[in-house]
Amino acid sequence: MFTANDILQQLRDMHAPQDSVVLMHTSLRAIGKVQGGAEALLDTLIGYFTAKGGLFCVPTHTWDKLGTDRITLDLQNPDSNLGAFSVLAAKRTDGVRSENPCHSMMVFGEKARAEAFVKDDAFVTSPTAPNSCYGKLFTEHGFVLLVGVSQCKNTYLHTVDEILNVPDRMDNKPISTTVRRQNGEIVQRELILFECSHSRDISERFAKYDTAFRYHRAITDGFLGNAPAQLCDAVKMKEVVELILSRCGDKDPLATEKPIPPQWFCDKE
């Protein structure tokens, strides 16, 4: 069983920042048993990442309600379709939950900074728009911490596609969503969703970037509990994808399941 001190030491070993913005995608099962359970783990992570003014973000997505007659995001109901850790974060009262209709997140840290970080999610026109919390990982030079999961779960890479205006990534027809705000007001918002002709879910191919990210040192490896962890630099990831796109001609690097050719991302002699 891991203690809070064990977790803190693992974070220090990864040189995880305490003054930046860190978004964590995690598998609790992969981490293993932590003394005090998931709540103690969350307390430890919040305490570490916000100790020097940083923000700690946990995705609380509700995309499973898209296309149904249910409210897409209900801020009076702390639910999420991303598992127990996400639901636990959504129930907390010491964070701020964004109003992104299907890709909301809980943000912990100094309240005024957290509120400023999430405020534009009330106006996004796509789940991971450049003005969303995901986009602010780039503008604020933040990090994505993948714990027990691969790059396939790195939702931020959808944002990179939007920043770089990658073709064949978004639908051209918006859908209607509904948000119940904290004050009970129900508002409707339209979103353009992800769509790619090459794959039912293009994020399943994000792992193809892994080698290129590592080559350019965009990833710092470590562990959290028993789970392999990747601390990913948001700016460097965007730069690597941009480099690949500049060298691939008119080919989509994610068009097939074949590896990305090294000449598209390796240094040229």
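Amide H to amide H, with H built 1.01 Å from N, residue 60 comes under 5 Å of 104, 105, 106, counting only residues 5 or more places away or on other chains. Extension gain residue 6-residue 195, at 0.36 nm per residue separation less the Cα-Cα distance, in nm? Contour length minus Cα-Cα distance gives 63.9 nm.
Amide H contacts of residue 34: 2, each under 5 Å away and 5 or more positions distant or on a separate chain (H built 1.01 Å from N in the peptide plane; Pro and chain starts excluded).
Using a Förster distance of 41 Å, how high is the FRET efficiency between residue 251 and residue 51, based on the Cβ-Cβ distance and rounded to 0.05?
Working: r = 45 Å, r/R0 = 1.09.
Once the sixth-power term is evaluated, E becomes 0.40.
For the pair residue 207 and residue 116, label points projected 7 Å from Cα toward Cβ lie 3.9 nm apart.
For the chain, the relative contact order is 20 percent, taking Cα pairs closer than 8 Å that sit 6 or more residues apart in sequence and dividing their mean separation by the residue count. Sort out for me the Cα centre separation of segment 224-269 from segment 137-158, rounded to whole Å. Cα centroid of segment 224-269 versus Cα centroid of segment 137-158: 13 Å apart. Please identify, among 87, 166, 124, the residue showing maximal mean-square fluctuation in a Gaussian network model of the chain using a 10 angstrom Cα cutoff. Looking only at 87, 166, 124, the biggest GNM fluctuation is shown by 166. Across segment 250-258, rounded Karplus estimates of 3J(HN,Hα) from the backbone phi angles (6.51 cos²θ - 1.76 cosθ + 1.60, θ = phi - 60°) give 9, 8, 8, x, 10, 5, 10, 8, 5 Hz, Gly and Pro being marked x.
Would you work out the charge dipole size for segment 213-267 about its Cα centre, treating the Cβ of every Lys and Arg as +1 and the Cβ of every Asp and Glu as -1, and quote it to the nearest 20 debye? The partial results should precede the final answer.
Numbers: 7 positive and 8 negative charges, 15 e Å.
Value, rounded to 20: 80 debye.
Rounded to the nearest 20 debye, the dipole size of the chain about its Cα centre is 260 debye, using +1 on the Cβ of Lys and Arg and -1 on the Cβ of Asp and Glu. Among 112, 212, 255, the residue with the largest mean-square fluctuation in a Gaussian network model of the chain, with springs joining Cα atoms closer than 10 Å, is 112.
Taking only C-alpha pairs under 8 Å that are 6+ residues apart, what is the relative contact order of segment 46-145 in percent?
Values: 160 pairs, mean separation 25.1, N = 100.
After rounding, I find 25 percent.
Close amide H partners of residue 218, meaning residues 5 or more places away or on another chain with modelled amide H under 5 Å apart, do not exist here. The calculated 222 nm mean residue ellipticity attributable to helices in the chain amounts to -8000 deg cm²/dmol, summing -39500 (n - 2.57) over DSSP H runs of n ≥ 4 and dividing by all residues.
Largest GNM mean-square fluctuation across 44, 128, 62, computed for the chain with C-alpha springs under 10 Å, falls on 44. Simple rule: put +1 on each Lys or Arg Cβ and -1 on each Asp or Glu Cβ in segment 1-78, find the dipole, and look at 46, 57, 11; the Cα lying farthest toward the positive end is 11. For segment 68-218, a simple Cβ point-charge model (Lys and Arg +1, Asp and Glu -1, everything else neutral) yields a dipole of about 360 debye relative to the Cα centre. From the square roots a ≥ b ≥ c of the eigenvalues of the alpha-carbon gyration tensor of segment 34-164, which class results: rounded (a/c under 1.5), prolate (a/b over b/c), or oblate? Here segment 34-164 falls in the rounded category.
Every number in this text was worked out from the coordinates using simple rules, so none of it is lab data. Every value quoted in this text rests on a predicted model; they were computed, and no experiment measured them. Glycine also receives a Cβ, built like all others from the backbone with ideal geometry; neighbour counts cover every protein chain displayed.
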